[in-house]
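Structure, as structure tokens:
None of the figures in this text is laboratory data; all of them are computed from the coordinates on show. Just so it is clear, the model here is predicted, and its values are computed rather than measured. Neighbour counts are summed over all protein chains in view; Cβ atoms, including those assigned to glycine, are modelled from backbone coordinates with ideal geometry.
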């Protein structure tokens with residue numbers, strides 16, 4: 001992948017990054033759009049696979065994936081409660097040509 005494309009995606013990830021008490025995290029519903037998922041259930045399935053991979057690598061999934069309910073605005077301006085995840089800095093989800101992968105983000 002070209003260096004400029006990698007940099008573009010790095011900036012996009014950073015644009016949706018949140019931070020609280022020095023901890024970086026991403027909301028799954030925001031990350032879903034960046035990764036071109038259309039339906040939540042498809043992305044939720046990818047997150048569940050990442051959680052399994054996390055456990056299989058000797059980690060505690062709940063240390064990296066925190067499920068919660070979030071309030072979003074729907075088309076008519078009304079608010080609706082939906083399921084979401086806070087994904088901590090160590091795991092990024094993405095779909096590559098080889099299928100689903102979980103990669104560690106190196107902190108600089």
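Starting from the 7 Å offset along Cα-to-Cβ, what nm value, one decimal, do you get for the label separation of residue 13 and residue 56?
So the two model labels end up 2.1 nm from each other.
When you count, for each residue, the other Cβ atoms within 10 Å and take the mean per peptide, how do 53-64, 29-40 rank with the highest first?
Top of the packing list down: 29-40, 53-64.
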